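As structure tokens, the structure follows; a few thoughts come after it.
The values are calculated or read from the model by the stated rules, or taken from the named source; none is laboratory data. Keep in mind it's a predicted model, so treat the numbers as computed, not measured. For neighbour counting, all protein chains shown are included, and Cβ atoms are generated from backbone atoms with ideal geometry for every residue, glycine included. SASA here: full protein model, heavy atoms, side chains in, ligands and nucleic acids out. Shrake-Rupley method; radii C 1.70, N 1.55, O 1.52, S 1.80 Å.
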Amino acid sequence: QVQLVESGGGLVQPGGSLRLSCAPSGSSASVNDMDWYRQAPGKQRTWVAQITRRGTTNYADSVKGRFTIPRDNAKNTVYLQMNSLKPEDTAVYFCRMGYSTNAYWGQGTQVTVSS
């Protein structure tokens, strides 16, 4: 059973930075697409960013220019580097990893942007 372990969330002031990470346990199989989603209080989960196995990236308009999504294929790890954070970035952030036959979600990590 694959489990995704996320880390790096916390409380940060507006304008600050955080880096989230997500790595699988229970499998060493290659991962195809890696994504980050977020869910703000009282709202639906929304897509934030994606990186393909070849390194092609895509971002939601709300984070473009502020967030990046690097990955380490050797470790099957994906990161979300978040810069210039705004209060509206406050949410629980979830990683998602797509394997050849299944996709798995992390448990979520809280990011709070507040002064």
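In the chain, the alpha-carbon atoms span a convex hull of 92 Å³ per residue. In this structure the stretch 18-63 gives 57 Å² per residue of accessible area when probed at 1.4 Å with all protein chains present.
At 37 °C and 0.692 mPa s, what whole-number value in µm²/s does Stokes-Einstein give for the translational diffusion of the stretch 6-50, with Rh from the Kirkwood sum over Cα pairs?
Details: Rh = 13.1 Å.
Answer from the Stokes-Einstein relation: 251 µm²/s.
The spacing between the stretch 70-114 and the stretch 33-54, judged by their C-alpha centroids, is 7 Å. Extension gain, Q1 to T46, is 13.7 nm, computed as 0.36 nm per intervening residue step minus the present C-alpha separation. On the basis of the beta-carbon distance and an R0 of 30 Å, R54 and S114 show a calculated FRET efficiency of 0.20.
Ignoring any ligand, DNA or RNA, what whole percent of the accessible area of the chain comes from carbon and sulfur when the probe is 1.4 angstrom? Can you show the working numbers first?
Numbers: 2710 of 6090 Å².
In the chain, the share of accessible area belonging to carbon and sulfur is 45 percent.
Using the Cα centre as the reference, give the magnitude of the dipole from point charges on the C-beta atoms of the chain (Lys, Arg: +1; Asp, Glu: -1; all else neutral), rounded to the nearest 20 debye. The dipole of the chain has a size of about 120 debye.
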